[in-house]
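A quick write-up on the structure given underneath.
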Amino acid sequence: LNHYMEIIHKSSNSLLKIINDIIDSSKIESGSYKINKEDNVDIVYLVEETALTMSDYIEEKGIQLIIDPQIEEKYISCDANEIERCIVNIIGNAVKFTPEGGKIYVFISEVNQYIEITVEDTGIGISEEDQEFIFKRFSQVENGNSTKVSSSGIGLTLVKYIVKLHNGTIDLESKVDEGTKVTIILPCK
């Protein structure tokens, strides 16, 4: 009974997350979604702690997590909860598409008054044709290696919107069978 209750609980939480993502993406598209920026958020600490909370899940999948910040601390103005949501989403995608024995790297650096948060994996990669659709609502990569992964296709759309609300940008680099690199670029001020 406990085993089945745990499955129901996990499935319910996944469904709730998808529903919230749909509602939030609709609010963002209509212009009614608001972020709550706070001054003096240590972005390095935020990213490191968010990645570390996912480390057990990642290691259970047989994937190595490597967190390598290039700076020790940096305080910026941002909505910590929304940036955390972005990091969870990007790392979650890296986990989904990285096979056992793979690696996920998280880098944080400061470049010309911008903070760059990069999540790089050694996963299946994304073809050039699919890259143009990756940030569109309800879009998913379709290839032989990804059919075993379930996803709503909303997550990266939300990430892009949230980053844009922070006056930032998001960059994607990927090659099939070589991995994917997603970089969030946020202004320091």
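Summary table below
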{"item": "Accessible surface, the chain, averaged per residue in Å² (probe 1.4 Å)", "result": "58"}
{"item": "Selection of GluC sites (Glu not before Pro), the stretch 1-108, meeting DSSP coil and at most 14 other Cβ within 10 Å", "result": "GLU72, GLU73, GLU100"}
{"item": "Of [x] 235; [y] 117; [z] 127, the label for volume of the Cα convex hull per residue in Å³ derived from the coordinates", "result": "[z]"}
{"item": "Length released on extending from ASP42 to ASN112, taking residue separation times 0.36 nm less the Cα-Cα span", "result": "23.4 nm"}
{"item": "The stretch 33-133: translational diffusion in µm²/s, Stokes-Einstein, Kirkwood Rh over Cα pairs, 10 °C, 1.306 mPa s", "result": "110"}
{"item": "Carbon + sulfur, % of accessible area of the chain - ligands and nucleic acids excluded, 1.4 Å", "result": "48"}
{"item": "Dipole in debye (nearest 20) - the chain, about Cα centre, beta carbon charges: Lys, Arg +1; Asp, Glu -1", "result": "700"}
{"item": "Of the trypsin sites (Lys or Arg not before Pro) in the stretch 1-85, those whose Cβ has at most 11 other Cβ within 10 Å and which sit in DSSP loop", "result": "LYS34"}
{"item": "Listed pairs LYS96/LYS189; LYS74/LYS175; LYS61/LYS160; LYS34/LYS175; LYS10/LYS175 exceeding 29 Å between Cα atoms", "result": "LYS96/LYS189; LYS74/LYS175; LYS34/LYS175; LYS10/LYS175"}
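The values are calculated or read from the model by the stated rules, or taken from the named source; none is laboratory data. For clarity, every value in this text was computed on a predicted model and none was experimentally measured. For neighbour counting, all protein chains shown are included, and Cβ atoms are generated from backbone atoms with ideal geometry for every residue, glycine included. Please note that ligands, DNA and RNA were not included when accessible areas were found on the heavy atoms of the full protein model with its side chains. Shrake-Rupley method; radii C 1.70, N 1.55, O 1.52, S 1.80 Å.
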